[in-house]
1. What ranking do A:Cys64, B:Cys70 get, fewest neighbouring Cβ atoms within 10 angstrom at the top?
2. Taking the Cα-to-Cβ direction at A:Lys210 and at B:Arg12 and moving 7 Å from each Cα, how far apart do the two end points lie in nm?
3. In percent, what relative contact order does segment B:2-252 have, based on Cα pairs under 8 Å that are 6 or more apart in sequence?
4. Quick query: amide H of A:Glu150 versus all other amide H atoms, modeled in the peptide plane; which residues come in under 5 Å with a sequence gap of 5 or more or a different chain?
5. Calculate the length of the line joining the C-alpha centroid of segment A:243-318 to that of segment A:27-58, in whole Å.
6. Tell me the angle of helix B:230-250 to the major Cα principal axis of chain B, expressed in degrees between 0 and 90 and rounded to the nearest ten.
7. Go ahead and run the numbers for FRET between A:Thr231 and B:Ala198, Cβ-Cβ distance against an R0 of 51 Å, rounding to 0.05.
8. Let me understand chain A better: what is its radius of gyration from the alpha carbons, and its Dmax, in angstrom?
Amino acid sequence: MRFTLLFALLCSPAFGDEIWVTNEKDDTISVIDIETQTVTRTIETGQRPRGITFSKDFSVLYVCASDSDAVQVIDPNTGKILHDLPSGEDPEQFVLHPNNKHLYIANEDDAITTVVDTDTRRVIAQIDVGIEPEGMAVSPDGKIAITTSETTNMAHWIDTENQTIFANTLVDQRPRHAEFTKDGSELWVSAEIGGTISVFNTADQTEKAKINFEIQGVHRDRIQPVGFKLTDDGKYAFVALGPSNYVAVVDPNTYAVLDYILVGRRVWHMAFNADESLLFTTNGVSGDVSVIDVSELTAINTIKVGRFPWGAAYRPTK
Amino acid sequence: MIYFTALFAIVRRELLRFVGQRSRFLSALVRPLIWLVVFAAGFRAALGLSIMPPYQTYITYEVYIVPGLCGMIQLFNGMQSSLSLVYDREMGSMRLLLTSPLPRWWLLLSKIFAGVFVSLLQVYAFLGIAALFGITFPPIGYVFALPVLVCSGLMLGALGLLLSSTIKQLENFAGVMNFVIFPMFFLSTALYPLWKMAEGSPLLRDICAYNPFTHAIELIRFALYGQFNGMALIWVVTSFVVFMIASLWGYNPAKTMTNRKTG
């Protein structure tokens with residue numbers, strides 16, 4: 001294992017960068033140095049930080065401080081909170097539009113999606129969606145935004161030009177996370193209780209495939225797909241399977257599950273490093289982050305962070 | 001030179017005996033494989049997760065149990081060697097061996113080494129089969145494990161020798177199973193890590209921590225990941241020396257004579 005790690009360290013040009021992890025119970029962010037794979041900084045945030053993303057130029061960090069009912073804007077260099085954005089109540093996840101300006105925020109308690117202009121710090125739209133919205137995604141061309149609602153079990157397709165819903169598609173029980181493929185042709189939505197990932201054609205919003213998971217020795221009820229990431233090269237999709245403590249590796253071309261990788265307890269979200277050679281998963285209950293070698297498809301290290309790590313985001317430092 | 005001639009002859013005899021007994025080789029492999037395939041599969045989800053050295057991340061139970069099963073192979077092998085010593089003594093070939101002009105300690109050490117050599121074949125065959133089940137270690141780990149397995153094998157062989165010096169009849173071997181092999185194996189880190197034992201009972205944990213077999217397993221476990229556990233090595237070497245001295249005393253002809261006179 002050590003040698004794999006050493007090999008990865010020597011071969012990758014992208015080290016020295018950071019992974020930022022929100023700790024839901026500690027009200028902090030743990031900053032992990034990718035090179036040393038240690039926590040180098042801990043930054044205070046508002047209450048119950050969950051969703052986390054950087055601006056496109058990495059100059060500011062946005063954090064959903066759910067119990068503070070705010071999206072906080074943080075200077076990543078100093079770790080200081082610059083200001084709050086009006087987010088609506090209980091923001092859980094969000095996504096930054098490719099224009100680097102509009103933030104689409106899911107307000108879990110209010111069943112709405114709030115669109116905030118990060119420059120003017122004003123709400124530009126509030127869109128009624130299903131009950132308990134959570135998963136957020138935006139298409140690579142920026143034309144479509146997605147909100148998934150946990151209780152309504154739907155993916156809501158939002159036209160970003162006029163901020164209205166133009167389609168709703170049913171997914172399995174309790175959708176948690178949504179992502180477009182790199183070319184924008186497909187939308188993937190995970191269903192936590194349903195135990196599946198639904199794949200939709202973006203063009204006509206029809207369901208194209210459904211991915212099921214099965215792990216030997218783990219009860220079906222514990223296999224709960226939540227966060228996931230697709231590699232840019234279109235080779236793999238990594239799916240966090242919650243309390244099963246495994247990450248599934250899926251072939252996005254055939255939708256077949258290739259492998260399962262053991263990580264920490266209740267794995268939730270994840271982030272790649274720059275060249276996608278390493279994947280960092282947040283393990284909520286065990287309070288740590290597992291490091292997966294993408295080429296070897298094995299977990300090579302685990303890093304202790306704060307209590308209940310939730311979201312993860314990559315930040316280059318050079 | 002004659003020392004090595006004797007060593008090679010004893011190793012060769014043990015090896016021939018081992019090759020001749022195919023069922024022994026098979027049972028030596030089947031025993032740990034049953035633990036790996038049946039027992040470990042059943043316990044896969046039941047055991048909690050925790051990271052402890054030498055592991056850097058979470059592992060499945062199958063991965064945890066493999067070094068313990070390597071130790072188990074050596075433990076059984078060490079005890080089986082002791083069984084063969086009792087047999088040899090009953091049949092008279094042991095007496096023939098001990099009449100050699102070479103020092104007794106060298107003959108007995110050669111006998112242990114022969115057992116260790118056989119156990120190495122068994123362990124590496126088992127590791128090969130485990131790899132077929134997808135349980136692999138870094139390549140360097142298989143190399144590092146070799147000297148460590150020699151150390152642990154010598155310790156367990158010396159223990160077997162000590163026991164054989166106290167066993168008068170072949171039938172007493174059942175007692176060895178009950179009072180030595182099982183307690184040594186179950187009260188070690190072969191099946192559960194120490195922190196798991198501590199959850200059950202701190203006393204059990206302490207017993208496990210003082211069991212030399214625990215240290216033999218940890219030495220193997222660290223080596224399989226290319227790491228060195230100095231404390232475990234001290235425990236294993238010290239135990240080997242103690243067992244060896246005690247068994248030499250046990251095989252002391254003067255003592256045997258006294259026993260015979262008094263018996």
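1. By the 10 Å Cβ count, ascending, the order reads B:Cys70, A:Cys64.
2. According to this spin-label approximation, the distance is 7.0 nm.
3. 26
4. Amide H to amide H, under 5 Å and 5 or more residues apart or across chains, A:Glu150 pairs with A:Glu134.
5. Computed from Cα coordinates, the inter-centre distance equals 16 Å.
6. Orientation of helix B:230-250: about 20 degrees from the principal axis.
7. That pair, A:Thr231 with B:Ala198, gives E of 0.75.
8. Values for chain A (Cα only, Rg and Dmax): 18.0, 53 Å.
A short reminder: the numbers here are calculations on the coordinates, not readings from a lab. Only a predicted model underlies this, so the values are computations on that prediction, with no experimental measurement involved. Glycine also receives a Cβ, built like all others from the backbone with ideal geometry; neighbour counts cover every protein chain displayed.
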